[in-house]
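The values are calculated or read from the model by the stated rules, or taken from the named source; none is laboratory data. Predicted, not measured: the structure shown is a model, and the values here were computed from it. Cβ coordinates were reconstructed from backbone atoms using ideal geometry, including for glycine residues, and neighbour counts include every protein chain displayed.
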Amino acid sequence: MAFLEIRGLTRRFGGLTAVDAIDIDFAEGELLSIIGPNGAGKTTLFNLISGHDTPDAGSILFDGRPIAGLKPERLAALGMARTFQHGRVFANLSVRDNVLVGAHTRLSLVRRSVPVIGPVVELFAALLRPARVAAEEAALAAEVEGIVTLFGERLTPRLDQPAYSLSYANRRRVEIGRALALHPRLLLLDEPTAGMNETETAEMMEIIGRLKADGLSILLIEHKLDLVMRLSDRVIVMDDGEKIAEGLPEQVRNDPAVIEAYLGNRAVGGAA
């Protein structure tokens, strides 16, 4: 059984079919890239997988469990995390607190064990800070610092700075850090190097490579094909909502249908 199994996934917007009967079998521990020209349906596919949109037809199984139509918070609890094409951070929160938000599904505060009197227990925890709560907070704080360290000097000196003060590239790093704080079983990265220069892209490529080496299952949308070809175990190519090619990176690179799909889209990083 595939770790992520998609069959006949379809999404229509009026007369436009953005995702057209897509089938995908994704193995645990794999890095699978989804590429294609702008408007091919890649982000819509991610929205369907991650619960930010609902398919018109088809099925999605995550580790054998049907998930089509589940809300993002339910999928987060199952171990699915994603980043967005246009980075999303909490502007007025610090880098530290932005990353800490990602750990919300793993909190084991006392109130969860006594749901009937949750508000009372929550107030008790806030005022008296039992040892269990204090220990959990300390452990999460240390974990956040470890995640931020992954991005080196890009984020470490800015741990307590508000997200609105960061560069676009650093906000994207914070978003990835927040996703990692969830301890995901499946990570969806939507153009993680968008807006980054060559040096920053190389740094991000190294980070993604380390996550892959650690065994994390990754679905990647990326326009920079050099990164895709170096990191991917397999590549799927979409155009006009359809899957037009699938295979090993070198097979896909030389596929005539892929070359044709990219003609006239030379703005896509290195695609032509």
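What are the residue pairs meeting all of these: first residue in region 251-272, first residue within 15 Å of ARG230 (Cα to Cα), second residue modelled with pLDDT under 90, Cβ atoms under 8 Å, and 6 or more apart or on different chains?
If the second residue must be modelled with pLDDT under 90, the pairs left are ALA271/TYR262; ALA271/ASN265.
Quick test of your reading of the structure: THR44 fulfils all but one of (1) within 17 Å of the chain's Cα centre (by Cα); (2) of a type in the set (Val, Ile, Thr); (3) more than 25 Å from TYR262 (Cβ to Cβ). Name the failing condition by number.
Just one mismatch for THR44, condition (3).
Of the residues in region 169-203, how many are free of Cβ contacts under 8 Å to residues at least 24 places away in the same chain and either within 23 Å of GLU30 (Cβ to Cβ) or among the β-branched types (Val, Ile, Thr) (or both)?
Matching residues across region 169-203 total 2.
Can you find even one residue in region 121-138 that is among the β-branched types (Val, Ile, Thr), at pLDDT 95 or above and not in a loop (DSSP other than H, G, I, E, B)?
Among the residues of region 121-138, not one is among the β-branched types (Val, Ile, Thr), at pLDDT 95 or above and not in a loop (DSSP other than H, G, I, E, B), which makes the answer no.
Please go through region 60-76 and pick out each residue that is surrounded by fewer than 14 Cβ atoms within 10 Å (Cβ to Cβ) and not basic (Lys, Arg).
Matches in region 60-76: GLY64, PRO66, GLY69, GLU73.
Against the conditions (1) assigned to a helix (DSSP H, G or I); (2) surrounded by 18 or more Cβ atoms within 10 Å (Cβ to Cβ), where does PRO37 fall short? Just the number, please.
(1)
Please pick out the residue among GLY58, GLY29, GLY69 that is in a strand (DSSP E or B), farther than 21 Å from HIS223 by Cβ, out of contact with any helix residue (DSSP H, G or I) (no Cβ under 7 Å at 6 or more places or on another chain) and assigned by TED's automatic domain parsing to the domain that holds VAL237.
GLY58
Report, by residue number, each residue of region 1-15 that is in contact (Cβ under 8 Å) with a residue 24 or more places away in the chain and not β-branched (Val, Ile, Thr).
Of everything in region 1-15, those that are in contact (Cβ under 8 Å) with a residue 24 or more places away in the chain and not β-branched (Val, Ile, Thr) turn out to be MET1, ALA2, PHE3, LEU4, GLU5, ARG7, GLY8, LEU9, ARG11, ARG12.
Restricted to region 47-66, and to residues that are under 19 Å from HIS183 (Cα atoms) and not charged (D, E, K, R), which residue is farthest from the chain's Cα centre (by Cα)?
Result: PHE62.
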